[in-house]
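A short write-up of the structure that comes next.
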Amino acid sequence: MVSTATQIAGFNFDNCLMNAAGVYCMTKEELLEIEASAAGSFVTKTGTLEARQGNPEPRYAPTTLGSINSMGLPNMGYDYYLDFVLDLEKEPNSKNHFISVVGLSPADTHTILKTLEASAYQGLVELNLSCPNVPGKPQIAYDFETTENLLTEIFAYYTKPLGVKLPPYFDIVHFDQAAAVFNKFPLAFVNSINSIGNGLVINEETVIIKPKNGFGGIGGNYIKPTALANVHAFYQRLNPSIQIIGTGGVKSGRDAFEHILCGASMVQIGTALQEEGPEIFTRITEELKAIMSEKGYESLEDFRGKLQYLD
Ligand code: SIN
């Protein structure tokens, strides 16, 4: 009997596949579609202290090898997602979920997390340290000192399961430095990777999205090798108590299999979900199970992290 069940920080999920924050998760209606699908969980759109319109449209475009977006964190406000998830999890057969949040300033982040700490919500929270698309706001996790200071302040009061959504790193020394920071904290998970920030896609002689004169986060096929490298680099470096969620370039069961082989305990789907819709979870789950079955693997633990190297 092949199972794609998994767990993160003691929370059980019937399936390791779910959406990536930003895709199919802005409204209750979209989140309920993911809830009703074969996905094992959902993560909400990253909620900020106040609701945001985000950047001007067009701000997402599919490309031949993936996508580019500069959404700019449009969202309903973190309390919309908190209230919704609290209500949903009262249902007897509710899945476990992730609430994604970040403030536009450290003060906002603390206000949000202190409210979550005081709330009835006991579930998983993903702190987004990696959005490349808010003009004037850098991707926090590229600044290790700021990240360490922020996490130090957060863990002085936050006691519930918390993980961080990371940007891609591209240098071995940066993997070492980032992991050294994360290993200082009782993080439940890291999620690698957000989009590759500030790419440029051109059609004829013109950019294809409006914000920031066309600069935007790159997702899809282009980013799978970078995503796999980040998942595996953190799998090799992080304390075993810090689990890894793999995100980036997943559009088939084989892609999900590779993320798990690199060390992911859960796998998120962004661009391909945007293009194919929530039915994708049925297809990719079947493909992943077929690969596992062919190889004689019954659970993710049979192959998670067991990437082989050449002699
Ligand atoms: C966005 O809203 O700009 C995308 C989300 C992200 O990259 O974190």
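For region 217-232, in order, what is each residue's ³J(HN,Hα) by Karplus, 6.51 cos²θ - 1.76 cosθ + 1.60 with θ = phi - 60°, in whole Hz (x at glycine and Pro)?
Listing the rounded values in order: x, 9, x, x, 3, 3, 9, 4, x, 5, 5, 4, 4, 5, 4, 6 Hz.
Loop sites only, by DSSP: take the trypsin sites (Lys or Arg not before Pro) in the chain that have at most 16 other C-beta atoms within 10 Å and name the longest stretch containing none of them. Show your work: numbers first, answer last.
Details: sites that count: LYS90, LYS184, LYS306.
After excluding every exposed loop site, the longest remaining stretch is 185-305.
Can you work out the PRE-style zone for THR206? Point 7 Å along Cα to Cβ, and I want the residues of region 40-84 with backbone N under 12 Å.
58
Please list, in chain and number order, the residues 5+ apart from GLY66 or on another chain whose amide H is under 5 Å from its amide H, with Hs placed from the backbone.
The answer is ASN221.
Please give the per residue accessible area of the chain, computed with a probe of 1.4 Å over protein heavy atoms only, in Å².
Details: 13270 Å² over 311 residues.
Using a 1.4 Å probe on heavy atoms only, each residue of the chain averages 43 Å².
Report for region 1-128 the percent antiparallel among DSSP-assigned beta bridges with both residues inside it, nearest 5.
Values: 8 of 15 bridges.
Antiparallel bridges: around 55 percent, rounded to the nearest 5.
Give me the one-decimal Kirkwood hydrodynamic radius in Å for region 223-299, with the sum taken over alpha-carbon pairs. Don't skip to the end; give the middle numbers.
Values: mean 1/r = 0.0784 Å⁻¹.
After inverting the pairwise mean of 1/r, the radius is 12.8 Å.
Carbon and sulfur: what percent of region 1-156's accessible surface (1.4 Å probe)?
After summing per-atom areas, the C and S share lands at 53 percent.
Can you list, bin by bin at 10 Å, the percent of alpha carbon pairs in region 192-248, starting at 0?
P(r) for region 192-248, in whole percents per bin: 23, 37, 25, 12, 3.
Provide the percentage of antiparallel DSSP beta bridges, counting only those with both residues in the chain; round to the nearest 5.
Numbers: 17 of 42 bridges.
Counting DSSP beta bridges with both partners in the chain, the antiparallel share is about 40 percent.
Around GLY47, which amide H atoms from residues at least 5 apart in sequence, or from another chain, sit under 5 Å from its own amide H, with H modelled in the peptide plane?
Under 5 Å from the amide H of GLY47: SER100, VAL101, VAL102.
Over the chain, what relative contact order in percent results from Cα pairs under 8 Å that are six or more residues apart?
Details: 690 pairs, mean separation 65.1, N = 311.
It rounds to 21 percent for the chain.
Tell me, what ³J(HN,Hα) does each residue in region 79-90 have, in order and in whole Hz, if you take phi through Karplus 6.51 cos²θ - 1.76 cosθ + 1.60 with θ = phi - 60° and put x for Gly and Pro?
Couplings: 5, 4, 6, 4, 4, 5, 5, 4, 5, 4, 6, 6 Hz.
Let me know the longest stretch in the chain that avoids all GluC sites (Glu not before Pro) found in a DSSP loop with at most 16 other C-beta atoms within 10 Å. Please report the intermediate quantities before stating the final value.
Details: sites that count: GLU50, GLU89, GLU204, GLU205, GLU279, GLU298.
Looking at the chain, 90-203 is the longest stretch - no exposed GluC sites (Glu not before Pro) with at most 16 other Cβ atoms within 10 Å.
Can you pull the three principal axis extents for the Cα set of region 61-186, in Å, largest first?
Between the extreme Cα coordinates on each principal axis of region 61-186 lie 45, 41, 27 Å.
How large is ³J(HN,Hα), in whole Hz, for each residue of region 177-193 in order, when computed from phi with the Karplus curve 6.51 cos²θ - 1.76 cosθ + 1.60 and θ = phi - 60°, using x for Gly and Pro?
Values per residue, Gly and Pro as x: 5, 5, 4, 4, 5, 5, 5, 7, 10, x, 5, 7, 7, 10, 10, 10, 9 Hz.
Taking the C-alpha atoms of the chain, how large are the radius of gyration and the largest Cα-Cα span, Dmax, in Å?
My reading of the Cα-based Rg and Dmax gives 18.1, 54 Å.
The values are calculated or read from the model by the stated rules, or taken from the named source; none is laboratory data. The structure presented is a predicted model; accordingly, all values stated were derived computationally and were not measured. With ideal geometry, Cβ positions are generated from the backbone for all residues, glycine too; neighbour counts draw on all protein chains shown. For the accessible areas, the whole protein counts, side chains as well, though only heavy atoms, and no ligand, DNA or RNA atoms are used. Shrake-Rupley method; radii C 1.70, N 1.55, O 1.52, S 1.80 Å.
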